[in-house]
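The structure appears right after this line, and notes come after that.
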Amino acid sequence: MIRHKSDNKNKVKGSLVSSNDNAKNQSVSVGAQHVSWGGSISCRSEHITSGILQSFKADRRFYSIALESTQAQIKAHMKRKLIKEADGRAILSAIEKIKEMSSVQSFDSLQFGDIYDYIEQQIISISGKSGHVFCVGRSREDQIAGDIRSWVRGSCDNLEDLLQALQASLIDKTEEHIGLKTVIPYYSYSQIQQPIYLGHQLMSYVEMFVRDRCRFKEIRKRANQSSYGSNMVGTILDLNRDAIARSLHFDDSTYNSIDSTTDYDHILEFLGAVNICGVHISKFIADVLTWLAPSNNFISLSDAIVVQNICNPLKRDPRVLEAIRAKVGKLLGLYTGVHAIANGLSSGVSQDIHEAVNSLIDSYDAVTISIKNIKTIVDDFVVNRKEVKEASQANFPTAPDVVDWLVMNLDITTQRAAEVSANIVKLASAKNTKLSLLPLDELQKIEPRITKDIYTVLVTSRAVINRRTKGGSSPVQIRKAIRNAKRAL
């Protein structure tokens, strides 16, 4: 992400570092690229190397975080008298002016190597000589590491909020269709397996997103340690790292300077959690596309989500759903790329891992827009009740319930019950009728001990109601799941 920049070697006079002590560290401009005095990019090679080391487009997302963390460190250093009062006030005033300026998005990315170059140049430009002490007590590496931790922490919070809103929409839709007693076909092996209440399938996504939220909470907790002021191998300056951490709402500061600047566990964990969330989103999209298929037509979506085909007005293309599927599909590639970068790196700081930031931001953007659109789809879709009722009764979907009834009531083995159920299905198929319409005497020819109670599993609506085991698809269990989910929200 960030071009490596050597630490400023500030002279310490007593406990004060003045602006004059850092004058030799001022930056100069070579062509369009800002580099440190005596930096490794020469005029001759600058046009070749500047592009590969630029990361402004990616790390501009850390703009506000970098300003806030810089402010906190300047204030802490002023209290410890590591920076003169006048210099500190000048830098803090410059930061406030930078905050009031136009968004960093409007600046030419070719003018600066990264967001930290931009902030440094702006502070020096506004505060003059005082600006040259703004990097006292910190390295570029611990600043970047701390800002990434802050960004991951905030991103976890944002994703948890989005998932919570999505869960609320799923619960609302479930409650709506519990009241309507909406039954839909449940698919296994790409075929209709058994009828279930729609609410049961919707609540399955709520459970998935509960786990996603838990993962983001755990990652946030582990990332919430401040690396600010750690430097790469520590410093002789009398820094109050814990005060900096508290002012930026971290739980603690890190305990090892090497690990502080080279630990990217939180990046890999975040990308991993985003990937799992993407799998859940992809599963939802696959189900919705099945429901939406013209051969099923179980649900309808508005024109904002399924676009009318320009050539055939009767054909509607699920472009939004397919776009979401593609966005979450690329998450695995982004994670794999970062894992490949991190694997094999030594414990020293290197440029390699900085490339991970692009993948980090791209993954966050992809999953964020996907969750928002999933919520829109949940709020928008309408069930076509006639179609789902017909599909729920087709192909003898309660045959597995017949097996369970035979085992429970006739004390026979599952294998024998499956044979009886298969013969009942064959009979209904031969007569071209529903299981529930077969006469009792016909059923007793297959198994004499069958009683009229078997119709509790032959009639689709009654079979669904009877699945009362914990986590089952009966209305009683769905309402329990709703209560539990609401408490978790």
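If we only count helices (runs of 4 or more DSSP H) wholly inside region 379-434, which ones have 3 or more residues that are of a type in the set (A, V, I, L, M)? Explain how you work it out, then say what you get.
Working: elements: 385-392, 399-410, 414-431.
Ranges flagged: 399-410, 414-431.
Give the residues of region 374-388 that are surrounded by fewer than 19 Cβ atoms within 10 Å (Cβ to Cβ) and more than 11 Å from Leu301 (Cα to Cα), sorted by residue number. Lys375, Arg385, Lys386, Glu387, listed by residue number. All conditions in (1) among the basic types (Lys, Arg); (2) in the same structural domain as Val210 (by TED's automatic domain parsing); (3) within 31 Å of the chain's Cα centre (by Cα) hold for Lys181, with the sole exception of (3). In this entry, Ala356 is excluded by the filter for residues that are at pLDDT below 90, of a type in the set (Gly, Ala, Ser) and surrounded by fewer than 16 Cβ atoms within 10 Å (Cβ to Cβ). Considering region 199-234, the residues that are β-branched (Val, Ile, Thr) and within 22 Å of the chain's Cα centre (by Cα) include one that is nearest to Phe284 (Cα to Cα), namely Val206. Among the residues of region 278-298, is any of a type in the set (Ser, Thr, Tyr), surrounded by fewer than 20 Cβ atoms within 10 Å (Cβ to Cβ), more than 30 Å from Ser139 (Cβ to Cβ) and touching a residue at least 60 places away in the same chain (Cβ under 8 Å)? Yes, region 278-298 has at least one match. Beta carbons closer than 6 Å, at least 6 apart along the sequence or on distinct chains, pair a first residue in region 383-405 that is aliphatic (A, V, I, L, M) with a second that is part of a helix (DSSP H, G or I) for Ala399/Ser421; Ala399/Val425; Val402/Ser421; Val402/Val457; Val403/Ala417; Val403/Ala418; Val403/Ser421. Restricting to region 251-262, name every residue that is surrounded by 19 or more Cβ atoms within 10 Å (Cβ to Cβ) and in contact (Cβ under 8 Å) with a residue 40 or more places away in the chain. Answer for region 251-262, where residues must be surrounded by 19 or more Cβ atoms within 10 Å (Cβ to Cβ) and in contact (Cβ under 8 Å) with a residue 40 or more places away in the chain: Ser257, Ser260, Thr261, Thr262.
Return the residue satisfying two criteria in turn: it lies in region 92-114 and is of a type outside the set (A, V, I, L, M) and at pLDDT below 60, and of such residues it is farthest from Arg61 (Cα to Cα).
As a first pass, look at region 92-114 and keep what is of a type outside the set (A, V, I, L, M): 93, 96-97, 99-100, 102-103, 105-109, 111-114.
The next check asks that each one be at pLDDT below 60; those that pass are 105-109.
Working: Gln105: 9, Ser106: 13, Phe107: 13, Asp108: 15, Ser109: 13 Å.
The qualifying residue farthest from Arg61 (Cα to Cα) is Asp108.
If you go through region 189-224 and keep only what is more than 16 Å from Ile171 (Cα to Cα) and hydrophobic (A, V, I, L, M, F, W, C), you end up with Ile192, Ile196, Cys214, Phe216, Ile219, Ala223. Would you confirm whether or not region 113-120 contains a residue that is in the same structural domain as Tyr264 (by TED's automatic domain parsing), farther than 26 Å from Lys221 by Cα and crowded, with 23+ Cβ neighbours inside 10 Å? The answer is no; no qualifying residue exists.
The values are calculated or read from the model by the stated rules, or taken from the named source; none is laboratory data. This is a predicted model, so every value here is computed, not measured. Note that each Cβ is placed from the backbone with ideal geometry, even for glycine, and that neighbours are counted across all protein chains shown.
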